[in-house]
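Scroll down for the structure; my scribbles are underneath it.
The values are calculated or read from the model by the stated rules, or taken from the named source; none is laboratory data. Quick caveat: nothing in here was measured; it's all calculated off a predicted structure. Cβ atoms come from the backbone with ideal geometry, glycine included; neighbour counts cover every protein chain shown.
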Amino acid sequence: MRTITKHKIIIVDDHQLFSQSLQLLINSFKDFEVINRFENGKVFISHLQDNPDLEVDLILLDVNMPVLDGISTMKWVKENNPNLKVIALSVNDDEEIIIKMITNGAKGYLLKDTSPEIFKEAMISVIDKGFYFTESVSGILVKKANNDSKKINLKEKEILFIQYACTEKTYKEIASEMCLSPKTIDGYRESLFDKLEIKTRIGLVLYAIKHKIVLV
């Protein structure tokens, strides 16, 4: 009888009830199993350091945790183990936090009230394709994100604006950096949203990463 190889998952979340419930859900999927759970980023990183040959397919990482939160943990992962595939989990869709998680290497961002069906779809997508972002989070259709048929020519200042948009700077700070008025920056933003057919700054960041305008 052939042994079925399951995708190995690690959960990093300080809420025990949620973490345990998530483990039960994942283990109910025939192709997945949770191999470990950690209550914060510090103990998770310590486990990685103690087990350099650890085989894991996906990390489910809570954004808000004590001791070491999701953002700090992602920064460590980006610098020390960038091949790890991570989906960020959160109770809110704060744009600034999502951008920080994405630019530090998260391959997906899910709200904790996501349905089990979408949750499973996200895990499969990140493992098989490398990323998963819902339209509600990114402001861009996943199907469209996969479509490379339409080449868009961007001006030098538009590219520079996108690069700044992938940082933690506010639009006002970007205007100052580019020596332009806030009104002009608003014009760049709206023009790019229209040209790239996206709705949010997060969509802009995803576009930049996909087309290597910024490297993460």
Taking N40 and the conditions (1) closer than 13 Å to M123 by Cβ; (2) touching a residue at least 12 places away in the same chain (Cβ under 8 Å), which numbered condition does it fall short on, given that it satisfies the others?
(1)
Hits in region 93-106 - residues which are modelled with pLDDT of 90 or more and either part of a loop (DSSP other than H, G, I, E, B) or of a type in the set (F, W, Y) (or both)
N104, G105, A106
Given the criteria in the same structural domain as K129 (by TED's automatic domain parsing) and within 23 Å of the chain's Cα centre (by Cα), does N51 qualify?
no
So is F119 at pLDDT 90 or above, assigned by TED's automatic domain parsing to the domain that holds L24 and crowded, with 16+ Cβ neighbours inside 10 Å or not?
yes
Sole miss for E55 among (1) in contact with a strand residue (DSSP E or B) (Cβ under 9 Å, 6 or more places away or on another chain); (2) under 24 Å from G130 (Cβ atoms); (3) not in a loop (DSSP other than H, G, I, E, B) is condition (3)
Going by the structure shown, is I213 modelled with pLDDT under 90, of a type outside the set (K, R), outside any helix (DSSP H, G or I) and over 23 Å from E79 (Cα atoms)?
no
Output for Cβ contacts, cut-off 6 Å, separation at least six or different chains, first residue closer than 18 Å to K155 by Cα in region 199-216, second at pLDDT below 85, reads A208/V214; I209/V216
Name the residues in region 78-92 that are touching a strand residue (DSSP E or B) at 6+ places or on another chain (Cβ under 6 Å) and either among the charged types (D, E, K, R) or in a helix (DSSP H, G or I) (or both), would you?
K85
Looking only at region 197-209, decide whether some residue is surrounded by fewer than 14 Cβ atoms within 10 Å (Cβ to Cβ), modelled with pLDDT under 95 and assigned to a helix (DSSP H, G or I).
no
If we keep just the residues of region 12-28 that are in a helix (DSSP H, G or I) and not polar (S, T, N, Q), which is surrounded by the fewest Cβ atoms within 10 Å (Cβ to Cβ)?
L17
